[in-house]
Each structure stands twice: as C-alpha cells, then as structure tokens.
Amino acid sequence: MREHTQQEEEAEINMTPMLDIVFIMLIFFIVTATFIKESGITVEKPSAVTAEKQDRASILIAITDNDEVWINRQKVDIKSLRTNIEKLHAENPQGTVVVQADVRSKAGLLIAVTEAVNASGVPSVAVATEEK
Amino acid sequence: MRKFSKPDEEAEINMTPMLDIVFIMLIFFIVTASFVKESGLDVNKPPPSEQQPQDDKKKNILIQIDASNRIFVNLRPIDIASVRANVERLHAENPEGVVVIQPASDAFAGLVVEIYDQARQAGVDNVSIAEATQ
C-alpha cells in the first residue's frame, strides 16, 4: 500500500497525465496538419486500377463537365491558372498537384491544365481517379 | 488586494491559462485536420531530351482518340475493351516501345484516363499523353 506524502483538506485531481495526453494529441495534429487546398467542387472522377495514393498532394484543381477550371474554391480562367498555382505552391513547396478531371470534360483542357502545372514548377502532377 | 484562500508552503504556478490555450489549439488543429487522401495516376511527362522521334517512331504504340471518342491504335480503329489486349500484343513485339496517347481536344478526359490505366495494366510503364497535332 502506498501512502499519500502530503494529505490535504480538499481533494485535488492530478492533472499531469491528462496534460501529457493533451500535449501529445496537440503535437500529433500539428504534425499531420497538411492544409490541402481543396478545389471546392465535386466532379465525377474516372475509375482506374493502377492508381497510386497521392500522399503529398496539397493543391487540387478540378475540371468540371462544362469545362470550368476550379482551384482553391474559386473558378479561374485557364490563362490565370499558372499564376494561381505558383501562388499556392509557394506556400507549400513540397506539395504536389492533383487534377480532378470530370469524366466528360475535354481532353484538350486536361492537357492545358497539366501544362500550366508543369510550367509553374511543380515537380509532380497526377490525375485523380476512383478505385474500380 | 486579493488574498490567497489557502497559502501553501511551496509556490505553485497557475496552469489554467496555459491549459485554456492548449485546448483551444488542440480544437483548432482537430477541426482543420483534413485527412483527404486523393488517389491518382501520375501523368508526368518524360524529359524531352530522351526522345528521338525519327528512331522509335515505328516502335512506339500510338493511341489516338478523335473528337467523337473513337479509338485508333496505330491508326487501326478498335473498341475500348480491346485496348489492353492490343497494347499487350504490341508491347510484346517491341518491349522498348512507349505508349503515346494523342487525344483530340474535344475527346473526353475520362476516356484518356481509362486508356492510360489500361496501358499501364498491360505492363507499359512509360505512357505519355501528347497533344494532337492538327
């Protein structure tokens, strides 16, 4: 049997273990926070078998079926896309870009967006897919 | 002047304001944590220096998609279901050959991705998407 070293009049809860857990949770969430720039619109993604998980993805660009380009929750023109990517890429230089092209969007636009991403200096670009 | 209700022998630091801040930070990071994991196909272009267009033009597998979404493998019209079989056969004849997908700009992007996926399923690692030359 252990004895209390210092008996007090009022009961006090020992906060130390809870504080430890809270700090560990805090550090976990700070480390895993990636701040993905969502495109802000849902598209019907094509399905693929050989797709890989894009762990470092930080910028999402969506192409809708009526050929609008969305980045960071706003619709942008294809001409100003490169400036937008450069600005977002500067915030997180390790992140890569994922293009969410709708199944029925134009292939020419997909190529144009990929070229804009390449021109803005992002090392890797992928096309978002769904598992079959 | 405030009085301490119960003066202790040893000095104690008041942890309450720090705890408040830590909890608020914790809640902020929990709320902003987005565990979005996109899966996707890498469509990185091969570096242009490696290409010798004259040399391997015959070895390459050219898949064209026209504006009305018809598929041509080496200029022969085929069905979407037989893309993989065709690429496997041509790849077996020329293992060094790469697959080049040339969609018309009005073709569907979903079809390009599907062909890309099928070419990779056929065992070709070097698949590139090129703009159609008009």
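Read the figures in this text as sums done on the coordinates, not as results from a lab. Remember, it's a predicted structure, so these values are computed and weren't measured experimentally. Every residue, glycine among them, receives a Cβ derived from its backbone with ideal geometry; neighbour counts consider all protein chains shown.
Once you reduce region B:93-134 and region A:17-85 to the center of their Cα atoms, the two points are 26 Å from each other.
Sequentially through region A:37-52, phi angles give Karplus couplings (6.51, -1.76, 1.60; θ = phi - 60°) of 7, 6, 6, x, 8, 9, 10, 8, 7, x, 9, 8, 8, 8, 5, 10 Hz, Gly and Pro residues having no value and appearing as x. Each residue in A:S80, B:S105 was given a count of other beta-carbon atoms within 10 angstrom of its own, and listing them fewest first yields A:S80, B:S105. Computed over chain A, the per-residue total of -39500 (n - 2.57) for DSSP H runs of n ≥ 4 gives a 222 nm mean residue ellipticity of -10000 deg cm²/dmol, rounded to 500. Between B:E93 and B:T32, the distance separating the two model label sites (each 7 Å from Cα on the Cα→Cβ line) works out to 5.7 nm.
Length gained on full extension, A:N66 to A:T32, computed as 0.36 nm times the residue gap minus the Cα-Cα distance: 8.7 nm. Counting every other Cβ atom within 10 Å of each residue's Cβ, B:I71, B:I21, B:I80 order from fewest to most as B:I21, B:I80, B:I71. Taking a span of 20 Å or more along the helix axis (Cα atoms) and a mean Kyte-Doolittle hydropathy of at least -1.0 as the rule, the DSSP H helices of chain A that qualify are A:16-32.
Beyond 32 Å in Cα-Cα separation lie the following of the pairs A:K75/B:K59; A:K79/A:K132; A:K45/A:K79; A:K37/B:K59: A:K75/B:K59; A:K79/A:K132; A:K37/B:K59.
Rg ratio for chain A: its Cα radius of gyration over 2.2 N^0.38 Å, N being its residue count, equals 1.66.
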